[in-house]
Each structure stands twice: as structure tokens, then as C-alpha cells.
Amino acid sequence: MTVATAPAPPVTNTPPSGSSRRGVLRWLLPLGPAIVLLALFLAGPILWSVYVAFTNETLTGSASVNSEFVGLANFTRLFDDPNFINSFVLTFVFVIGSAVIGQNTLGLIIALLQRGRGRTTRSVVNGVVIAAWVVPEVVAAACWFSFLAEEGTLNAVLGISQEWLYTAPMLAVILANVWRGTAFSMLVYSAALSEVPKDLVEAAAVDGAGPGRRLLHITLPLIRRSIMANLMLITLQTLASFGLIYALTGGGPGTASQTTPLYMYEQAFRYFEIGYGSAIALVMLVVGALFSLLYLRLIKVEDA
Amino acid sequence: MTRLAARGAAGLSLLIICLAFLGPFLWVVISSVQPEATLAAQPTLNFSLDNFTAVLTWETLILPLINSIIISGSTAILTVFVAGLAAYPLSRYQLRYRRHFMLTLLFTTGLPMTAVLVPVYAMFFRFNLYGSVPAMVLFLTASSLPFSIWMMTNFMDGVPVSLEEAAWVDGAGWVRSLTTVVGPLMAPGVAVVAIFVFVGQWGNFFAPFVLMDTPEKQPAAVTIYTFFSQYGQVAYGQLAAFSILYTAPAVILYVAVNKYLAGSFSFAGSVKG
């Protein structure tokens, strides 16, 4: 990274600088701490996990002293491991169910229903939905634990007796995550909808388009970039979700709700299989990186 | 008439959505003031604050909350300091790789930090940092930096350069300019980033869960999980009281910056379609 010392200063003026060495220092000094921290605690560990994923590194036993290069062994093991495949499928179900379908649709619906409502209605609805979002994930788990308990609120309301966390653990964690994450989509869509020009929608109404057609042919196409960006962001947030599922079901019963982050936790932190755990982490990072790149392409950052 | 019906239906839907979102909170709030609360949602007329006094002991709540304040607070302060410094050249100078750097930061915000913790844990183990609070704070700071630098740069871009030029004429360098002119002017932005990082770390469960070695160092996020898994079924009233006391600071801080955060949601929508 170097400073463009070209004499023609573009839009912004710059503070006085001396020789070219001072020119380097004047950006290196303020950026230095950030670069060092990012290199040591983010880039370093990620690169190291790339290396370790190809070794048999463990934290205990002989391999902890002399880890060996094992090539693709961790990865061939990974894709033959029924528990990993199971976790991958469950993560997919979790992301599609709770983020793409749940949070996204519900967030959009709430934002649409709120249009043209009074201040009080809006702030009450916003307050309630955002409250679920502000609560820390372990507390959210405690809320849902009691809500879904055999004699809990949900069964009392529905008048049935059902051990949700045992009979339908995936449904339980998906519902809990929809509850916790909808606020984000709602806020994104409220912001996007407020920028949709009113006259366009009204013109369509004059031409005889009903509410359904106005939504489908005017409003949704106008906010499609927000929809795509929101889908990417909530997918990224949901992929790595750990605390909520871990506190609510612990991945169980058995492995019925063990998504990939929980499986990674079990392998790396319970069995201390760092090499294998890193291979799982690497798969998660690659999937996350792909979605992150898609997001960058999508939003076409102007000011960067 | 159909317009009225549609409005009514929309209002009814909003009401149902509100009730559904309130549902999971209900028993936590009620049982926190019920002396003998269990998981069974059967409120009685007995009101007592016994659950709150029961959890307000040094090991159960006070020490974990102090740990949370130390961990989240020092992460927030360090992040704001480092991100503020980094934002200055990114906002003010014409750097050749600025765009690459900013895009890399934005890209990094999308990476799953859960996955990064595996190598970080192994690294901490190898370099004898396992259980070290300062080392964990440095990691948490690094993980908060990409988003914070991004936000901080945007806030700094909002401070007109012309205001600084007077200081430069008087011979002030970037340090003076940053601390005496830009810093005070973007104080609201600094507060938003600090509170954002603080609230995020206040709820962070996974990092301290795997990086800290003894219960005495754990923040409330982990202690409440331990309490939940050990006594959640039997002493639900106390768990509820614990939840409320632990959640309150996050809610209060959120309300404080709510106004400013609302603007950042056009972040995903600010893009021209």
C-alpha cells in the first residue's frame, strides 16, 4: 500500500507532508495498529488453519508434539463422515428455513404492513420485534426453552402437550432464530421501502393494478437489490450461528440439530482434533467467503 | 369499504405478529417475580423479588457482570482507538490501495468468526495465551475492526476537510488535527461505534466460552449458560431474573444509539438499483 504522491491533489486536500519517507509514515503510523492486529489475530489464524487442515494436529497425544502432513486426508475423511454430511444438511435447512424463508419473508411482510401506519403503531411493532433482536443469544435460548417447555406458554396457548425440543428440534431452533433475526430484515426493508417513489405506485393504481400486482411488478422489482443484499447478509449471519442452537438443544437429541458450527465445536474443542476441526472451519470459511464475495459484487460499493 | 377491510386486516396481522413476538418473553418476565417459578407457565398472585436477590451474589452475577464490563469495555475502547486512527488516512489521503483495503474489510465482515476461533484457540494454546483476558480482548478487537473501520471512515468522511485546513495552516500535523478537530466533531459517530462493539461483545458467548480457562474469568454470557444448563429446570425464576439483569445494559445502550443506528440500515439499501 503506497501513497499516491502525485502533485495534483484531487477532491480532498491533504495535510502537510515532508519528504517521501515521511509520506509513507503519515499513513503507516495511523494504520499500523489496525494492520498489526488484523494480521496477528485474523489473517494469521486463518492462514494457519489452511496449513493445519492438511496435518494430523491434535492438542493431546503424540500428534500434539509431532504433527505430520497428511495431505487431503482430513478432507477425504470429512466428505465420508456421515456426521459432517448430516451437519451440513442441517445447516442448509437452518439457513433456508430460518433466514431465507423465515426472517426475510416475515421482515418484508412486517415492513409492508407498517407502511402508512401511525407513529405509535410503528414504534410499538418496531420495539417488540427489535427487543427480540437485542437480547443476547443465550437469553434468547432461555426464553425459547421456557416457551417450548412441555408445560410452557406455547403448549398452554395451543392446548396441547408436546416436547418440542425432542420431537421437533430443528423446527424449534428455526423458529427461535426467526424470532431473533427478523428485526434486521425488517429494518433493511423499511429503509428500502421508504425510498420507493409513491407516484409510481399510485400511477399503477390509477391504471387499475391491484395491491398484489403493484407489489409484484412495482415495489419488489424496485427494492430487488436490497432483497439480494439482505439475503446475503442474513445467510452469512445464520451460517455461523452457534450460541442459540447450542444453548437450546446442544445439537441434540443425538445429532438431530447439530449444525456444522456445533459439529466443528465438538471435534475441535471436545475431542481436541485441531487438524480435523480446522478442515471443518476451512469449509465454513470458504462457504462464507463465497457468499461474502457475492455480496460485494451485488452492492457495487461506490464509495470505497 | 374494501380499503377499510384491508386496513383492518393489516392492523390485525400486525397485532398477531406483536403477540407472537412477545410470547417467548412472557414467562421470563412473569417468572422472574414469582417466588416458586418453574418451567410450567402458571402464574400466581405472589409477587417477590427473591429471585433477584438470590442471583445477586458475587459468584453468580456480580463478578460475571464485572468481567463482561471489563471485556466488552476494553474491546470497545481499543477498537474505537485503533479504528479511529486507521480511518484518518483512509478518509483523508489519496492512497493507491485504499479501495482494495476497504473492500477487503467489507469482505472480512462476512467471514464466520465462529470458524476463525478454531485456529485462534490452537494459537492461544501454543503461545500460552489460553485463559488470558488481554489476549482475548486483542482477538475480539481484531474481529470488530473491519466493520468499525468501515463505519468510522464513513463518519470521518462526513467531517469537512475545510475545517481541518485552518489547523494545518497553523502548523498542526495529523495527530493534532485528528485529536482537536476531527475527533470532537465526530464524537456521536465514535459513540455509536463504541456502543455497537460493546453490545456485540456483551452478548458474545462462543469466544470466551472456548478461550477462557476458569469460571472466575468468564463474562455473564457464559455464566448464564452454565447456570441455565445446571439449574434452568429447577430454579427457572432465578434464571429469569439473571436473564433480565444481564440483558438490561444491552437494551439501555441500544435505545441510546437507536436513532443513529437506524440510518445505517440503508447500508444494505443505499445501493443504487
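The values are calculated or read from the model by the stated rules, or taken from the named source; none is laboratory data. If you're wondering where the values come from, they're calculated on a predicted model, not measured in any experiment. Ideal geometry is used to build each Cβ from the backbone, glycine not excepted, and the neighbour counts take in all protein chains shown. The accessibility values were calculated without ligands, DNA or RNA, using every heavy atom of the protein model including side chains. Shrake-Rupley method; radii C 1.70, N 1.55, O 1.52, S 1.80 Å.
For segment B:16-38, a residue qualifies if it is within 11 Å of another protein chain (Cβ to nearest Cβ) and open to solvent by 20 Å² or more (accessible area, probe 1.4 Å), and the qualifying residues are B:Ile16, B:Ile17, B:Leu19, B:Ala20, B:Leu22, B:Phe25, B:Leu26, B:Val29, B:Ile30, B:Thr38.
Considering only residues in segment A:212-224 that are surrounded by fewer than 17 Cβ atoms within 10 Å (Cβ to Cβ) and either under 21 Å from the mean Cα position of the chain (by Cα) or more than 9 Å from chain B (Cβ to nearest Cβ) (or both), the one that is modelled with the highest pLDDT turns out to be A:Leu220. Do we have any residue at all in segment B:147-155 that's within 30 Å of A:Thr259 (Cα to Cα) and not polar (S, T, N, Q)? Yes, segment B:147-155 has at least one match. Scan segment A:225-283 for residues that are of a type in the set (Lys, Arg) and more than 9 Å from every other protein chain (Cβ to nearest Cβ) and the total you get is 1. Are any of the residues in segment A:157-169 modelled with pLDDT of 90 or more and not small (Gly, Ala, Ser)? Yes, that holds for at least one residue.
Applying the condition of being farther than 12 Å from A:Leu244 by Cα, of a type in the set (A, V, I, L, M) and not in a helix (DSSP H, G or I) to segment A:132-174 and asking which residue is most open to solvent (accessible area, probe 1.4 Å) yields A:Ile160.
Going by the conditions given, is A:Pro253 of a type outside the set (Gly, Ala, Ser) and assigned to a loop (DSSP other than H, G, I, E, B)? Yes, satisfied. Only residues that are out of contact with any Ser or Thr (no Cβ under 9 Å at 6 or more places or on another chain) and at the interface with another protein chain (Cβ under 10 Å from one of its Cβ atoms): list them for segment B:41-65, please. Hit for segment B:41-65 is B:Gln42, nothing else. State the number of residues belonging to segment B:70-118 that are open to solvent by 40 Å² or more (accessible area, probe 1.4 Å) and within 7 Å of chain A (Cβ to nearest Cβ). Final tally of qualifying residues: 7.
How many residues are part of a helix (DSSP H, G or I) and modelled with pLDDT under 85 if we restrict to segment A:29-57?
1
In segment B:202-238, the qualifying residues are those that are of a type in the set (A, V, I, L, M, F, W, C) and at pLDDT below 90, and the one that is farthest from the chain's Cα centre (by Cα) is B:Val234. Listed by first and then second residue, the pairs linking a residue in segment A:187-206 that is crowded, with 18+ Cβ neighbours inside 10 Å to a residue that is not in a helix (DSSP H, G or I), with Cβ atoms under 6 Å apart and 6 or more places separating them unless they lie on different chains, are A:Leu187/B:Phe265; A:Val188/B:Phe265; A:Ala191/B:Phe265; A:Ala192/A:Ile223. Scanning segment A:200-255 for residues that are touching a Lys or Arg at 6+ places or on another chain (Cβ under 7 Å) and closer than 30 Å to A:Thr167 by Cα yields a single hit, A:Leu244.
For segment B:122-130, indicate whether the set of residues that are more than 24 Å from A:Leu231 (Cα to Cα), buried (at least 24 other Cβ atoms within 10 Å of the Cβ) and either touching an Asp or Glu at 6+ places or on another chain (Cβ under 9 Å) or more than 7 Å from chain A (Cβ to nearest Cβ) (or both) is non-empty. Yes, segment B:122-130 contains at least one residue that is more than 24 Å from A:Leu231 (Cα to Cα), buried (at least 24 other Cβ atoms within 10 Å of the Cβ) and either touching an Asp or Glu at 6+ places or on another chain (Cβ under 9 Å) or more than 7 Å from chain A (Cβ to nearest Cβ) (or both). When restricted to residues that are in contact (Cβ under 8 Å) with a residue 24 or more places away in the chain and within 7 Å of another protein chain (Cβ to nearest Cβ), segment A:284-304 contains 7. In segment B:154-190, the residue that is nearest to the other protein chains (Cβ to nearest Cβ) out of those that are open to solvent by 30 Å² or more (accessible area, probe 1.4 Å) and closer than 14 Å to B:Leu90 by Cα is B:Trp174.
Scanning segment A:144-180 for residues that are under 21 Å from the mean Cα position of the chain (by Cα) and facing chain B (nearest Cβ under 7 Å) yields a count of 2.
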